[in-house]
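Engineer: Could you have a look at this structure, given as structure tokens, before my questions?
The values are calculated or read from the model by the stated rules, or taken from the named source; none is laboratory data. Small disclaimer: the values here were computed from a predicted structure and weren't measured. Quick reminder, even Gly has a Cβ in these numbers, built from the backbone with ideal geometry, and neighbours come from all protein chains shown.
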Amino acid sequence: MISKTYAPQEIEDKWYSYWIENKFFQSKPNPDKEPYTIVIPPPNVTGVLHMGHMLNNTIQDILIRKARMEGKEACWVPGTDHASIATEAKVVAMLKERGISKRDLSRDEFLEYCWEWTHKYGGIILKQLRKLGASCDWDRTRFTMEPDLYDSVIDVFIDLYNKGQIYRGHRMVNWDPQARTTVSDEEVIMKEVNQKLVYLRYPLVGEDGEGRMEEGVTIATTRPETIMADVAICVNPADERYQHLIGKKVLIPLIDRAIPIIADDYVEMEFGTGCLKVTPAHDTNDYELGKRHNLPIIDLLNEDGTLNDKAQILIGEERFVARKKIIKMLEESGNLVKVEEYKSNVGHSERTNSVIEPRLSEQWFLKMGEISKPAFENVMNDTVQLIPAKFKNTYRHWMENVRDWNISRQLWWGHRIPAYYLNDGTMIVAKSKREALRKAQHEYQLFALTEEDITQDPDVLDTWFSSWLWPISVFNGIKEPDNEEVNYYYPTNDLVTAPEILFFWVARMIIAGYEYRGRYPFKNVYLTGIVRDKQGRKMSKSLGNSPDPIDLIDQYGADSIRTGMLFSSQAGNDLPYDEKLIEQGRNFGNKIWNAFRLVKGWTVDSELPVPGGSKLAVQWFESKLNQTLAEVQDHFSKFRISDALNSVYKLIWDDFCAQYLEMIKPGFEQPIDLSTYDSTLDFFDRLMRLLHPFMPFISEEIWQNIIERGEKESICVAHFPQAAEFDQALLNDFDVLFELVSSIRNLRNSKGISPKTALPLAIRTDANERYTTLTPLIEKLANVEGISFVTGEADGNSFRVKSDEFFVNLADELDVEAERENLLRELDYTKGFLESVMKKLSNERFVANAKGDIVEKERAKQADAEAKIATLTEALARLG
């Protein structure tokens, strides 16, 4: 017995457990099958499901389920990323609640807490993906810090170092004071912020060494807290205002340290005061300027963004607190000229939202010039396809301007850099301290050395330096490059991810693929849009504009969420989230459920002959189904997943439920013939298989109930329906049928005539055979009788469909006087409307001065009104 209403909560849990128990998602290399592989973009181990994950993983599941049903060896590898910065932040916050500071712990002690966090919270998001219906091979779940993947990262570092691709250098980097680590250029988000532009006076040093304020120079800065690290004032050598000062010195306000005035073409004379303070330790451009002029470097900031001893004043103050205080101190000292409100773009850490500090630091870098060339060329020539292709331009810009990758991070949680230092500073890159000792003893003849004399580099590798190996390392392809799994599953087929990590991850995976496998890691990269709210804002928990996906699943069911997210989600285009789309998904599920209940509720009579209309309806829907299957396959081949869903939606809702079932359903309490019933169940079977990748749960429930299934049968391994030939002429005839039926029904409604009243229909056409064939369905759907064919005019209301004219005689059913009054009323109104239009058009000034399109609109109104008057007059004439 099929329940009256569809209850997704019960059904979804039941079928997901069934799929897992029967290992339908499990994959093993099978030389007799074509592999289809997807690796999940590993979510942060600290993460929980958000709306972006919902969209991304729904698309992946649709692709993998379809491939599985097509008989491919479908393998979807799940996993999580250790997320160094995010996880450390979570653990530090947890420790703070316990009254513990990271600074009070040894590295090993802190890492124990990180593992505690990971074991407790690390699997949450993967469990949540199960509720969405994700058909991953969960036995393959990987984690970027597990031993094999950890070793792979270290092996790659050592290999690239030995190739001369990795080096250690003193560079200006992006420093995140909150996370206390460097971050890459791609992890810096520029935001426009309101600031103070502070104008301050540097006194000129006189011959007596005293400062003379009236002869000094004025500079403008948004960062007055860094003036204590100034090492020069720079002017343009062509600036006549300052040429006489070049070579002289000024005093830094508040600390009275003398610095020189230098000249460089870099300074723009028109910008600000034309004088630039040079602070090499705290500005990238100043750093380059300082190198050209051999200027010293003074770094006055600690790792956490507080001022250190080199600042001389405000030591220990946080940088932004120091900024406010120093403005007041400058005012009190008489060095402050003025303060203006100023807007500028300031870099923020993507991870912590902290304002980035440019900072000189010893870091590890990967040379990107040569290693990135194959990844650039093979995206540009479409060996690897970006979908949509518009992202190729963005990719090109980044790859053509690629900079060496800063791969070290000042954290403890992550893959520790395998570099070891001897007491004399000698560096050895090795896989372990024991191997480093062996190298020191054999290569440097330091036989007395012990492991206690060796110190490992404290930094860890950038998280992306592990995930760039993901499509290879999940199949152990770094440690065992010729193993069965990597040879079978690599390269993977499709990657589904977000555009914002095109460089962080996608480009780098392609680089690693060519470096370590000689091939691309995936053929297609489907870039989803960003899920935004109705105001166009990116959905986030911090803004409070993002619903909890699990709550939505509990309320509407996973199938509803999956379809709702996809109804308006084109590749690469942002998705304007609206809960009404989720409701549309739920309504779709209910429509399918009710249609199935209707069919299964019919009584079947095996002795009944097949009605002509039903036979024709079956033929039509067979063609319609095959036409849609071809359409869906075309959409999939072009990664138009949303369009594919909309085609399926229209086929089921409009063509099957609204049209086909209406054509074949038996009369009230009458049985249906066996042939039509079996055909209908066969259609249901194929429709559910077509629907399954999009709505896996309801399709499984109905498919299992169509006929009695075996113990280990499932729709998820049934064959995906394939398109066959279809009869286009028949489809065209039925388009005419549906338009005709709709016109007759609209006519009934407008005249208030009951649908139960049979009406006579006359047809004027050159295609009598078409309507003779369609007669049973015209009579049933439109409730007409006595269909006749005429060569001229006929009594009744007329309308056209395509090139044919139809006459429905309503004389016996119509209140003639009431109809005449309605027509006269409408005729009178239309004549009045035409009169007002003609007044405008007869006004020469209006016609001469109004825009051309406005005049044309008025003329169109004239034509429409005249045509309507003719129609109404003709209708009145027919009434006599």
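Engineer: Please name all residue pairs, on different chains or six or more residues apart, with Cβ atoms under 8 Å, provided the first residue is in region 544-570 and is closer than 14 Å to residue 581 by Cβ and the second residue is in a loop (DSSP other than H, G, I, E, B) and small (Gly, Ala, Ser).
Structural biologist: 559/133; 562/133; 569/529; 570/529
Engineer: Residues 226, 221: which one is in the same structural domain as residue 291 (by TED's automatic domain parsing), among the hydroxyl-bearing types (Ser, Thr, Tyr) and under 40 Å from the mean Cα position of the chain (by Cα)?
Structural biologist: 221
Engineer: Looking at 66, 72, which one is within 30 Å of residue 567 (Cβ to Cβ), in contact with a Phe, Trp or Tyr (Cβ under 7 Å, 6 or more places away or on another chain) and without any contact (Cβ under 8 Å) to a residue 60 or more places away in the chain?
Structural biologist: Values: 66 fails: without any contact (Cβ under 8 Å) to a residue 60 or more places away in the chain.
Only one candidate passes the filter, namely 72.
Engineer: In region 47-62, which residues are closer than 18 Å to residue 79 by Cβ and in contact with a strand residue (DSSP E or B) (Cβ under 6 Å, 6 or more places away or on another chain)?
Structural biologist: Result: 52, 56, 59, 60.
Engineer: Given the criterion at pLDDT below 90, touching a helix residue (DSSP H, G or I) at 6+ places or on another chain (Cβ under 7 Å), β-branched (Val, Ile, Thr) and within 28 Å of residue 858 (Cα to Cα), identify the matching residue among 847, 808.
Structural biologist: None of the others qualify; the one that does is 847.
Engineer: Specify the residue that is nearest to the chain's Cα centre (by Cα); the eligible residues are those in region 31-59 that are of a type in the set (S, T, N, Q) and surrounded by fewer than 24 Cβ atoms within 10 Å (Cβ to Cβ).
Structural biologist: Checked region 31-59; the qualifying residue nearest to the chain's Cα centre (by Cα) is 56.
Engineer: For residue 745, only one of the following conditions fails: (1) farther than 20 Å from residue 795 by Cα; (2) part of a helix (DSSP H, G or I); (3) basic (Lys, Arg). What is its number?
Structural biologist: Condition not satisfied by residue 745: (1).
Engineer: Something else now. Being at negative phi and of a type in the set (Gly, Ala, Ser) is the filter here, so list the residues in region 35-78 that pass it.
Structural biologist: Matches in region 35-78: 47, 52, 67, 74.
Engineer: Restricted to region 754-765, and to residues that are in contact (Cβ under 8 Å) with a residue 24 or more places away in the chain and surrounded by fewer than 16 Cβ atoms within 10 Å (Cβ to Cβ), which residue is nearest to the chain's Cα centre (by Cα)?
Structural biologist: 755
Engineer: Something else about it: Can you find even one residue in region 368-389 that is under 30 Å from residue 302 (Cβ atoms), surrounded by 17 or more Cβ atoms within 10 Å (Cβ to Cβ) and in contact with a helix residue (DSSP H, G or I) (Cβ under 8 Å, 6 or more places away or on another chain)?
Structural biologist: Checked region 368-389: no residue is under 30 Å from residue 302 (Cβ atoms), surrounded by 17 or more Cβ atoms within 10 Å (Cβ to Cβ) and in contact with a helix residue (DSSP H, G or I) (Cβ under 8 Å, 6 or more places away or on another chain).
Engineer: So, one more: Identify, from the list 662, 708, the residue that is surrounded by fewer than 17 Cβ atoms within 10 Å (Cβ to Cβ), touching a residue at least 40 places away in the same chain (Cβ under 8 Å) and more than 39 Å from the chain's Cα centre (by Cα). Before you say what the answer is, go through the steps one by one.
Structural biologist: Details: 708 fails: touching a residue at least 40 places away in the same chain (Cβ under 8 Å).
Only one candidate qualifies: 662.
Each row is one residue, and each column tells you yes or no for (1) of a type in the set (Phe, Trp, Tyr); (2) in contact (Cβ under 8 Å) with a residue 40 or more places away in the chain; (3) surrounded by fewer than 16 Cβ atoms within 10 Å (Cβ to Cβ).
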| site | (1), (2), (3) |
| --- | --- |
| 623 | no, yes, no |
| 627 | no, yes, no |
| 640 | no, yes, no |
| 652 | no, yes, no |
| 667 | no, no, yes |
| 679 | no, yes, no |
| 695 | no, yes, no |
| 719 | no, yes, yes |
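Engineer: Of all the residues that make up region 366-402, how many are more than 26 Å from the chain's Cα centre (by Cα) and of a type in the set (Lys, Arg)?
Structural biologist: Adding up the residues that qualify gives 2.
Engineer: Tell me which of these residue 489 doesn't satisfy, since it passes every other one: (1) within 30 Å of residue 110 (Cβ to Cβ); (2) in contact (Cβ under 8 Å) with a residue 60 or more places away in the chain; (3) aromatic (Phe, Trp, Tyr).
Structural biologist: Every listed condition holds for residue 489 apart from (1).
Engineer: Which one is nearest to residue 32 (Cα to Cα), of the residues in region 479-501 that are crowded, with 20+ Cβ neighbours inside 10 Å and touching an Asp or Glu at 6+ places or on another chain (Cβ under 9 Å)?
Structural biologist: This residue is 489.
Engineer: Among residues belonging to region 80-111 that are under 19 Å from residue 416 (Cα atoms) and of a type in the set (S, T, N, Q), point out the one that is surrounded by the most Cβ atoms within 10 Å (Cβ to Cβ).
Structural biologist: Ranking the candidates gives 84 first.
Engineer: Condition (residue is assigned to a loop (DSSP other than H, G, I, E, B) and either under 28 Å from the mean Cα position of the chain (by Cα) or buried (at least 20 other Cβ atoms within 10 Å of the Cβ) (or both)) applied to region 181-191: is it met by at least one residue?
Structural biologist: Quick first cut of region 181-191, residues assigned to a loop (DSSP other than H, G, I, E, B) only: 184.
Checking the rest, the ones that are also either under 28 Å from the mean Cα position of the chain (by Cα) or buried (at least 20 other Cβ atoms within 10 Å of the Cβ) (or both) come to 184.
Among the residues of region 181-191, at least one is assigned to a loop (DSSP other than H, G, I, E, B) and either under 28 Å from the mean Cα position of the chain (by Cα) or buried (at least 20 other Cβ atoms within 10 Å of the Cβ) (or both), which makes the answer yes.
Engineer: Also: What do you reckon, is residue 181 in contact (Cβ under 8 Å) with a residue 40 or more places away in the chain and touching a His at 6+ places or on another chain (Cβ under 8 Å)?
Structural biologist: No.
Engineer: Among the residues of region 748-761 satisfying the criterion of being basic (Lys, Arg) and part of a helix (DSSP H, G or I), which is nearest to residue 822 (Cα to Cα)?
Structural biologist: Among residues in region 748-761 that are basic (Lys, Arg) and part of a helix (DSSP H, G or I), the one nearest to residue 822 (Cα to Cα) is 751.
Engineer: Any idea how many residues of region 507-538 are within 14 Å of the chain's Cα centre (by Cα) and not in a loop (DSSP other than H, G, I, E, B)?
Structural biologist: Number satisfying all stated conditions: 6.
Engineer: Still on this model: Can we say residue 106 is hydroxyl-bearing (Ser, Thr, Tyr) and over 30 Å from residue 39 (Cα atoms)?
Structural biologist: yes
Engineer: Tell me which residues, restricted to region 312-352, are loosely packed, with under 14 Cβ neighbours inside 10 Å and in contact with a Phe, Trp or Tyr (Cβ under 6 Å, 6 or more places away or on another chain).
Structural biologist: Within region 312-352, 338 is the sole residue that qualifies.
Engineer: Are any of the residues in region 272-292 in a strand (DSSP E or B), among the small types (Gly, Ala, Ser) and surrounded by 14 or more Cβ atoms within 10 Å (Cβ to Cβ)?
Structural biologist: no
Engineer: If you take just the helices (runs of 4 or more DSSP H) that sit entirely in region 1-115, which of them hold at least 2 residues that are hydrophobic (A, V, I, L, M, F, W, C), touching a Lys or Arg at 6+ places or on another chain (Cβ under 7 Å) and in the same structural domain as residue 501 (by TED's automatic domain parsing)?
Structural biologist: Output list reads 84-97.
Engineer: Still on this structure: Under 7 Å by Cβ, and 6 or more places apart or on different chains, what pairs join a residue from region 142-156 that is at pLDDT 95 or above with one that is crowded, with 21+ Cβ neighbours inside 10 Å and of a type in the set (Gly, Ala, Ser)?
Structural biologist: Here the result reads 142/79; 143/79; 144/466; 144/467; 149/466; 149/473; 152/473; 153/466, each pair linking region 142-156 to a residue that is crowded, with 21+ Cβ neighbours inside 10 Å and of a type in the set (Gly, Ala, Ser).
Engineer: I've got another one for you. Just to be sure I understand, how many residues within region 776-798 are crowded, with 16+ Cβ neighbours inside 10 Å, modelled with pLDDT of 85 or more and outside any loop (DSSP other than H, G, I, E, B)? Walk me through it before giving the result.
Structural biologist: Looking only at region 776-798, we keep the residues that are crowded, with 16+ Cβ neighbours inside 10 Å, and these are 776-784, 787, 794, 796-798.
This time we only want the ones that are modelled with pLDDT of 85 or more, so: 776-784, 787.
Filter once more, keeping what is outside any loop (DSSP other than H, G, I, E, B): 776-782, 784, 787.
Matching residues across region 776-798 total 9.
Engineer: Is it the case that residue 5 is surrounded by 13 or more Cβ atoms within 10 Å (Cβ to Cβ), in contact (Cβ under 8 Å) with a residue 24 or more places away in the chain and β-branched (Val, Ile, Thr)?
Structural biologist: Considered against the rule, which asks whether it is surrounded by 13 or more Cβ atoms within 10 Å (Cβ to Cβ), in contact (Cβ under 8 Å) with a residue 24 or more places away in the chain and β-branched (Val, Ile, Thr), residue 5 comes out as no.
Engineer: Oh, and also: Test each condition in (1) buried (at least 19 other Cβ atoms within 10 Å of the Cβ); (2) outside any loop (DSSP other than H, G, I, E, B) for residue 584 and report the one that comes out false.
Structural biologist: Result: residue 584 fails condition (1) only.
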